[in-house]
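Working notes, beginning with the structure itself.
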Amino acid sequence: MIIGKSDRRIEFEKPTATVNTYGEESLSWESYTTVWAELVRTTGLKETATDMQDAATTTVIFKIRSSAATRVITPKYRVNYNGNRYDISGIEE
């Protein structure tokens, strides 16, 4: 990993269970940590099983440095980058 390419600030958000005004449990997100990342974009076509149509997709890969804070991140977390939120589909070392 080339540190100079880590020029994007991303925020990891973790899921938190809260109780709404009706007493029901609901999912909310809170900021966990903010780190520098390298952004890699890939594009392609993906066929959806429900309607068997091709749809253009963009996979976004964020490369970050390992730290005590980032080692606890799981696919249950999500990434907030430039106001867009991304689900985490996988983590590699």
> Going by accessible area, probe 1.4 Å, with all protein chains left in place, what is the ranking of ARG8, ARG78, largest first?
Replying inline: ARG8, ARG78
> According to a simple spin-label model (label point 7 Å from Cα along Cα-to-Cβ), what is the distance in nm between VAL40 and SER66?
Replying inline: 1.6 nm
> Which value, in Å² rounded to 10, gives the accessible area of THR70 with a 1.4 Å probe and all protein chains present?
Replying inline: 20 Å²
>> Suppose accessible area is computed on protein heavy atoms with a 1.4 Å probe; arrange ARG9, ARG65 from highest to lowest.
In response: ARG65, ARG9
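The values are calculated or read from the model by the stated rules, or taken from the named source; none is laboratory data. All of these numbers come straight from a predicted model, not from anything done at the bench. Positions of Cβ are backbone-derived with ideal geometry, glycine not excepted, and every protein chain shown enters the neighbour counts. Remember, those area values only see protein heavy atoms, side chains included, never the ligands or the DNA or RNA. Shrake-Rupley method; radii C 1.70, N 1.55, O 1.52, S 1.80 Å.
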